[in-house]
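Beneath this line is the structure, given in structure tokens, with notes to follow.
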Amino acid sequence: MALMYTEEQRELIELVRDVAESEIKPYVAAADEAGECPPELFKWGFDMGLHMVEIPEEFGGMGLDYETCAMMFEELAKVDAAYADTFVTNFVAFRNIHLSGTPEQARHFVEATNPGFAAFCLSEAGAGSDVASMRSTATRDGDHYVLNGTKTFITNGSIASIYVIFAKTDPAAGGKGITAFLVDAGTPGLYAGAREHKMGFRLSDTCEVVMENVRVHESAVIGCEGQGMSIALNALNLSRAFISTLGVGIMQRALDEAVSYAKQRKQFGKPIIEFQLVQGLLADMAIKVEASRCLVNNAMRMMDAGDLVRLEGAIVKTFVTDCMQEVTSNAVQVFGGYGYSKDYPVEKLMRDAKIFQIFEGTNQIQRTVIAKILDKSY
Ligand SMILES: Cc1cc2nc3c(=O)[nH]c(=O)nc-3n(C[C@H](O)[C@H](O)[C@H](O)COP(=O)(O)OP(=O)(O)OC[C@H]3O[C@@H](n4cnc5c(N)ncnc54)[C@H](O)[C@@H]3O)c2cc1C
């Protein structure tokens, strides 16, 4: 794959690699243990412009293509995918505005996040896969709406400076009664609730977002009333494909660590990489990393050509994130008992990998999406 990088891509990848290795990696183990990322660590990401890479130049961003952005975030994810996801979530939120909002909303989003973070608030305690059953409401009051409800598992929930929030303007209409809003942090009644204590992905902030009589002007509506569900799903198709690049980063790191360990660890008088069964573990890992990267790159190119990757987003997300479980587990296996120890890096990769089968729509839901599209196209 390296031969396919352009000179500019190679330079950006090297920049991210150098900063991630020297400025972020030394602090990751302590932050993982503490369950939060020190705010000063984000300075490096902001200095590199990671929060602006995907934002089009017309709105003040760097306007890089998806393929190049994905390569940069794969590199960062090798050091810590949760750190990378803190920045990537800005784009999960922004894509809703870019695809369905107004230029004024896009400019406002960029002002709020330069530098800063955004959050995408869809899930609720009783409405995860079944988004249409959400209970948050947005009630019209003159030229304003009043938002009430609690969102669950929100990435960047306590550190965001702007929120994309979904709530029902017509509760009787089910999924067709959901509307999307762009809401500034600090709006009275909007606050972060309980934080999640997670098994992995611990540098990523995950918490409830509570709305108590949050008044927003009607200009905060993204698209039109009742379009929220399709706005979210359109943006999520792109986000599912994009998030998979973090998965490739985790897998590549697992493979690199496993090969290096297998070459230096000796048992029965020789390096364990000389045992065919260990070679099999490593080869299976390499096959899945390479296949995953090819799928991600293909999806990114389709997105760069304007495709909404409805089918491909679900396919790449499911394939890559399922591969992640085997690849990171194999890495632990190659390390033997040391792989299970927090003194070595691979147990964290295995913990971080699990969430990828769950967020951005579980892999069971992705399979139902894929099957529904197949059903309609034959
Ligand atoms: C760390 C983390 C970060 C997150 N970040 C965000 C965020 O930023 N914004 C946001 O809005 N949400 C976020 N989420 C929420 C995430 O998207 C949901 O957890 C996910 O969609 C699943 O919903 P659920 O947890 O309620 O599980 P459920 O929907 O209750 O699912 C439970 C199980 O049932 C299966 N299942 C459910 N329905 C079906 C079906 N029809 N067919 C087959 N199987 C089914 C699921 O696949 C799963 O295995 C995050 C979650 C986590 C853990």
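Brief remarks follow.
- Cα long-axis angle, helix 81-100 against the chain (0 to 90 degrees, to the nearest 10): 40 degrees
- Listing Val334, Val327 from fewest to most neighbouring C-beta atoms within 10 Å gives Val334, Val327.
- Counting DSSP beta bridges with both ends in the chain, the antiparallel % (nearest 5): 85 percent
- Between the Cα long axis of helix 103-112 and the first principal axis of the chain there is an angle of about 60°, rounded to the nearest 10.
- Crossing angle, helix 25-34 versus the chain [Cα axis fit, 0-90 degrees, rounded to tens]: 60 degrees
- Listed residue pairs exceeding 21 Å between alpha carbons, taken from Lys78/Lys342; Lys176/Lys372; Lys198/Lys263; Lys168/Lys317: Lys198/Lys263; Lys168/Lys317
- Counting neighbouring Cβ atoms within 10 Å and putting the fewest first, the residues Thr102, Thr328, Thr6 line up as Thr6, Thr102, Thr328.
- Remark: spin-label model distance Gln267-Tyr378 equals 4.4 nm, labels positioned 7 Å along the Cα→Cβ axis.
- Our coupling estimate for the stretch 169-176, obtained by passing each phi through the Karplus curve with A = 6.51, B = -1.76, C = 1.60 and θ = phi - 60°, is 8, 9, x, 6, 8, x, x, 7 Hz, Gly and Pro reported as x.
- Inter-label distance, Leu99 to Ala305: 1.9 nm, where each label sits 7 Å from its Cα along the C-beta direction.
- Inter-label distance, nm, simple model (7 Å from Cα along the C-beta direction), Gln364/Asp18: 4.8 nm
- Taking all C-alpha pairs of the chain, those more than 40 Å from each other amount to 14 percent.
- Counting all C-alpha pairs of the stretch 302-378, share separated by more than 16 Å (%): 59 percent
- Likely footprinting exposure, Val320, Val88, fewest C-beta neighbours within 10 Å first: Val88, Val320
- Principal axis dimensions, largest first and in whole angstrom, of the stretch 113-196 by Cα: 38, 32, 20
- Debye, to nearest 20: dipole size of the chain, +1 on Lys, Arg Cβ, -1 on Asp, Glu Cβ: 1240 debye
- Relative contact order %, the stretch 2-116, counting alpha carbon pairs below 8 Å whose residues are six or more apart: 27 percent
- Cα point-scatterer Debye curve for the stretch 230-377, base-10 log of I(q)/I(0) at q = 0.13, 0.16, 0.19, 0.21 Å⁻¹: -0.61, -0.81, -1.02, -1.17
- For the stretch 230-377, the relative contact order works out to 32 percent when only alpha carbon pairs closer than 8 Å and six or more residues apart are counted.
- Sorted on the mean count of surrounding Cβ atoms within 10 Å across their residues, most packed first, peptides 106-117, 45-56, 141-152, 238-249 read 238-249, 45-56, 106-117, 141-152.
- Our summary gives the chain a relative contact order of 16 percent, counting only alpha carbon pairs under 8 angstrom and 6 or more residues apart.
- The Cα center of the stretch 284-311 and the Cα center of the stretch 149-227 differ in position by 30 Å.
Laboratory data are not the source of any read-out in this text; all were calculated from the coordinates shown. As the structure is a prediction and not an experimental result, all values here were calculated from the model. Ideal geometry is used to build each Cβ from the backbone, glycine not excepted, and the neighbour counts take in all protein chains shown.
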